[in-house]
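What follows is calculated from the coordinates using simple rules that are stated; it is not laboratory data. Everything quoted here is computed from the prediction, not taken from an experiment. Virtual Cβ from ideal backbone geometry, glycine too; neighbours counted across all protein chains shown.
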Amino acid sequence: MTTGMIAATVGYDVERVRADFPILARRLADDRPLVYLDSANTSQKPEQVLRALDEHYRWRNSNVGRAVHQLGDAATADYEAARATVATFVGATDPAEVVFTKNASESLNLVAGVLAWADGARRVGPGDEVVITEMEHHSNIVPWQLLCERTGATLRWFGLTDEGRLDLSGVDALITERTKVVSVAWVSNMLGTVNPVADIARRAHEVGALVVVDGSQAVPQLPVDVAGTGADFVAFTGHKMVGPTGIGVLWGRRELLEELPPFLGGGSMIETVRMEGSTWAPPPAKYEAGTPPIAEAIGLGAAADYLSGLGMAAVAAHEHAITAYTLEGLRSISGVSVLGPTEAVDRGGAVSFVVDGVHPHDVSQVLDSYGVAVRAGHHCAKPAHRRFGVQSSTRASAYLYTTKTEIDTLVDGIHRVRKYFKVA
Amino acid sequence: MSLDALYQEIILDHYRRPHHAGLREPYDAETRHVNPTCGDEITLRVHLSGTTAGDTVADVSYDAEGCSISQASVSVMSDLVIGKPVADAMTLHDEFLTLMQGRGAVEPDEDTLEDAVAFAGVAKFPARIKCALLGWMAWKDAVAQATRAPMSKEETA
Ligand SMILES: Cc1ncc(COP(=O)(O)O)c(C=O)c1O
């Protein structure tokens, strides 16, 4: 831990944070308190976000960008204010570079889709290569597979080291003059690894490739400066950063958003429509066909405000401390092995592990009976599981409201799992 | 929520010592089913002592990776269906499916389902129903293939 991080944790009052999240007070079966360790899957929502959604629907609901009445003005102003808030939150200087989508998956599909249709040099076609990594979430694999299948391009990928880091030893053979796109997770949702995206972006730009960063796990956990990553596009998703479901973001460099063709066609994304053909609105509207998720965008704005209020440096420091504590706790149990970096260095808060002799479903079932909610399965990262020779794993993922006591409950629960299945 | 209602001793016994496990010859059809949520897989073979629906399930063999519920379920299923006429085994399949989809309100018939009644508790854990059904689905699919178009081993391998 750096001194900056220590400084940031001082004064971080996790109990006060928890008080903002009504769901954390609920009781589960047998009157057990909820120990929510599935935040990499989706985070819980604070009162401030719930209130923003409620107030929008209760007092200011209207469609945006097309109504000439007071409610229309209010909703449009709120929607655009949310865009500006989100832009500031991720260090984007121009709100027009923030495109609202429905989730990170749609953001990634948007980029992959328009690159098949682009005119000129950006178009991905036969002979071109797209480079991803073996630790990607399926949402950053499948869209690129589809792009390659549809265009005749070739998909290539970085392998992983045994420690769960990107194997960058072959970078010069992988990122070449043929590379058109490099798309990489900033933080892995399975291994927790924080990848050196800026280094990869620099290398990719040397060969003229576009750089896409899947920030789904990074934006909720780390102070983010999208431009500083060197990326051309950064995708993330609202529901993992204390925002609502149904809202995602694609940040893109403005000249690219201007140059590339639209993704979905429909209302609001046009400049003019004639039967013979249409022209497009400038970004971001160009990529927001149809009525957008208005309340959800406003909720995401409230979520970004909430996180800014806590301070992302403080959130990251808390996450770091809890992750280190979790790794230490898991290390203390025999027959448990962590997949991914075993030290809290360049590591996010998702900790996947295997309990020898007990299937992840059974691990999570027993933990659930103690109120501990974790994820069991492949976490939408089947190739990364395969790389480590397992079909599935159990994942505990902490967030800004997680306490050390909760991690103690997890560790205690795993001991009980081993006893229940007689592997202890 | 009582864990023991889910993890009956019979289930844990089958899980630790599964019956009829391993892939065997001869067989008429082989299927491979995956539980997409967790990635668990089963490869299952069916051998019928004939090729029409009137015949008998001579053997069920399988190679499976999965949780206690899915492993125990395919083990219990093999015990149940091997030696039974296909039509009767299919009735058992339907009965087991009804039990699983019954949200815990269906009273299982121990005379027909035998050890499979131990899975009654699974119906109250929606996330686990797919686990209990994985083997049965693979079996039903294999029987359908075997009775529809008898295949040679080369074709199915
Ligand atoms: C790294 C990563 N990428 C992409 C996604 C997809 O997010 P969504 O399901 O909101 O589209 C997730 C979350 O599931 C993720 O963890």
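Kindly point out which whole DSSP H helices in chain B project their C-alpha atoms 20 angstrom or further along the helix axis while averaging a Kyte-Doolittle hydropathy of 0.0 or above. Don't jump to the answer; show the numbers that get you there.
Working: long enough: B:86-100 (21 Å, 0.71); B:126-148 (32 Å, 0.14).
Span-like helices in chain B: B:86-100, B:126-148.
Under the √(5λ) rule applied to the eigenvalues of the Cα gyration tensor, what semi-axes describe the equivalent ellipsoid of the stretch B:20-93? Give them in Å, descending.
On the way: eigenvalues 96, 34, 23 Å².
They are 22, 13, 11 Å, listed largest first.
Could you give the nm distance between label points at A:Ala77 and A:Gln145, where each point is 7 Å from its Cα heading toward the beta carbon?
4.8 nm
Which length gain, in nm to one decimal place, applies between A:Arg32 and A:Asp162 when the Cα-Cα distance is subtracted from 0.36 nm times their residue separation? Kindly include the intermediate steps, with their values, before the conclusion.
Details: separation 130, 0.36 × 130 = 46.80 nm, distance 3.79 nm.
The A:Arg32-A:Asp162 span can extend by a further 43.0 nm.
Quick one: how many lysine pairs does chain A have with C-alpha atoms less than 24 Å apart and a gap of 8 or more or different chains? Give me the count, please.
Final tally of qualifying lysine pairs is 10.
What is the distance in Å between the Cα centroid of the stretch B:49-104 and that of the stretch A:151-192?
After rounding, the separation between the Cα centres reads 44 Å.
Please report the spacing between the Cα centers of the stretch B:105-142 and the stretch A:51-65 in Å, no decimals.
Cα centroid to Cα centroid, the span is 46 Å.
Rank these for me by crowding, A:Glu259, A:Glu106, B:Glu107, going from fewest to most other beta carbons within 10 Å. Numbers along the way, then the final one.
Working: A:Glu259 15, A:Glu106 21, B:Glu107 9.
In increasing order of surrounding Cβ atoms, one gets B:Glu107, A:Glu259, A:Glu106.
How compact is the protein assembly as shown by the rule of thumb for globular proteins, expressed as Cα Rg over 2.2 N^0.38 Å? Present the calculation step by step, with values, prior to reporting the outcome.
Details: Rg = 26.4 Å, N = 581, 2.2 N^0.38 = 24.7 Å.
Working it through for the protein assembly as shown, the quotient is 1.07.
Lys and Arg at +1, Asp and Glu at -1: add these up for the other residues within a Cβ distance under 14 Å of A:Asn195 and post the number. Intermediate values should be presented prior to the final figure.
Details: positive: A:Arg165, A:Arg202, A:Arg203, A:Arg347; negative: A:Glu134, A:Glu136, A:Glu163, A:Asp167, A:Asp199, A:Asp214, A:Asp346.
Once all neighbours under 14 Å are counted, the net charge is -3.
Measure nothing but the geometry: give the 0 to 90° angle between the long axis through the Cα atoms of A:142-151 and the longest principal axis through the Cα atoms of chain A, rounded to 10°.
40 degrees
In percent, how large is the relative contact order of chain A, given Cα pairs closer than 8 Å and 6 or more residues apart?
Numbers: 859 pairs, mean separation 92.2, N = 424.
Once divided by the residue count of chain A, the mean separation gives 22 percent.
Looking at the stretch A:107-195, which GluC sites (Glu not before Pro) are in a loop (DSSP not H, G, I, E or B) and have at most 14 other Cβ atoms within 10 Å?
On the way: sites: A:Glu129, A:Glu134, A:Glu136, A:Glu149, A:Glu163, A:Glu177; in loops: A:Glu134, A:Glu136, A:Glu163, A:Glu177.
Within the stretch A:107-195, the qualifying GluC sites (Glu not before Pro) (loop, at most 14 other Cβ atoms within 10 Å) are A:Glu163, A:Glu177.
Return one number: the angle in degrees, 0 to 90 and rounded to the nearest 10, between the long axis of the Cα atoms of helix A:404-420 and the longest principal axis of the Cα atoms of chain A.
Orientation of helix A:404-420: about 60 degrees from the principal axis.
Looking at the stretch B:3-147, I'd like the Rg to Rh ratio, where Rg is from alpha-carbon atoms and Rh is Kirkwood's inverse mean 1/r. Intermediate values should be presented prior to the final figure.
Working: Rg = 14.0 Å, Rh = 14.9 Å.
That ratio is 0.94, to two decimals.
Hey, rough spin-label estimate for A:Ala67 and A:Arg416, points 7 angstrom out along Cα→Cβ, what's it come to in nanometres?
5.0 nm
Report the one residue of A:Ser43, A:Ala227, A:Gln145 whose Cα lies farthest in the direction of the positive end of the charge dipole of the protein assembly as shown (charges on C-beta: Lys and Arg +1, Asp and Glu -1; origin at the Cα centre).
Checking the options against the dipole of the protein assembly as shown, the answer is A:Ala227.
Once both labels are modelled 7 Å past Cα along the beta-carbon direction, what's the B:Arg32-A:Ala198 spacing in nm?
Going from the B:Arg32 label point to the A:Ala198 one covers 4.5 nm.
Can you tell me the relative contact order of the stretch A:296-400? Whole percent, Cα pairs under 8 Å, sequence separation 6 or more. Intermediate results must be reported in sequence, preceding the final value.
Values: 120 pairs, mean separation 25.4, N = 105.
The normalised contact order for the stretch A:296-400 reaches 24 percent.
Below 22 Å, Cα to Cα, which lysines can B:Lys140 reach? Residues fewer than 8 away in the same chain don't count.
B:Lys84, B:Lys130, B:Lys153
Using 0.36 nm per residue, how much length does the chain from B:Arg148 to B:Ser49 gain when fully extended, once their Cα-Cα distance is taken away? Write down the numbers at each step before the final one.
Working: separation 99, 0.36 × 99 = 35.64 nm, distance 1.45 nm.
Once the chain is fully extended between B:Arg148 and B:Ser49, it gains 34.2 nm.
Relative to the compact-globule scaling 2.2 N^0.38 Å, provide the ratio for the alpha-carbon radius of gyration of the stretch A:88-164.
On the way: Rg = 14.6 Å, N = 77, 2.2 N^0.38 = 11.5 Å.
Normalised by 2.2 N^0.38 Å, the Cα Rg of the stretch A:88-164 equals 1.27.
Magnitude of the Cβ-charge dipole of the stretch B:40-97, K/R +1 and D/E -1, about the Cα centre, nearest 20 debye? Please report the intermediate quantities before stating the final value.
Working: 2 positive and 10 negative charges, 34 e Å.
The calculation lands at about 160 debye.
What is the order of A:Met275, A:Met190, fewest Cβ neighbours within 10 Å to most? Before the final figure, lay out the partial values.
Working: A:Met275 5, A:Met190 30.
Arranged by neighbour count, lowest to highest, A:Met275, A:Met190 become A:Met275, A:Met190.
Hey, if you drop one equal point scatterer on each alpha-carbon of the stretch A:338-424 and run the Debye formula without solvent, what base-10 log of I(q)/I(0) do you get at q = 0.18 Å⁻¹?
Computed log10 I(q)/I(0) values: -0.80.
Local charge sum around A:Pro284 (other residues, Cβ-Cβ under 11 Å, Lys/Arg +1, Asp/Glu -1)?
-2
Net charge near A:Gly389: determine it from the other residues with C-beta under 12 Å of the C-beta of A:Gly389, scoring Lys and Arg +1 and Asp and Glu -1. Working shown, then result.
Details: positive: A:Arg386, A:Arg387; negative: A:Asp162, B:Glu65.
Residues near A:Gly389 contribute 0 overall.
Return one number: the angle in degrees, 0 to 90 and rounded to the nearest 10, between the long axis of the Cα atoms of helix A:70-89 and the longest principal axis of the Cα atoms of chain A.
The angle comes out at about 60 degrees.
Given +1 on the Cβ of Lys and Arg, -1 on the Cβ of Asp and Glu, and no further charges, what dipole in debye does the stretch A:217-366 carry about its Cα centre, rounded to the nearest 20? Don't skip to the end; give the middle numbers.
Working: 7 positive and 16 negative charges, 27 e Å.
About 120 debye.
Treat every Asp and Glu Cβ in the stretch A:50-308 as -1 and every Lys and Arg Cβ as +1, leave all other atoms uncharged, and give the resulting dipole magnitude about the Cα centre to the nearest 20 debye.
Values: 20 positive and 32 negative charges, 89 e Å.
Dipole about the Cα centre, nearest 20: 420 debye.
Could you work out how far the C-alpha centroid of the stretch A:197-244 sits from that of the stretch A:288-345, in angstrom?
Centre-to-centre (Cα) distance: 15 Å.
Taking 8 Å as the Cα distance limit and 6 or more residues as the minimum spacing, I'd like the relative contact order of chain B as a percentage.
Numbers: 279 pairs, mean separation 46.4, N = 157.
With pairs under 8 Å counted, the relative contact order is 30 percent.
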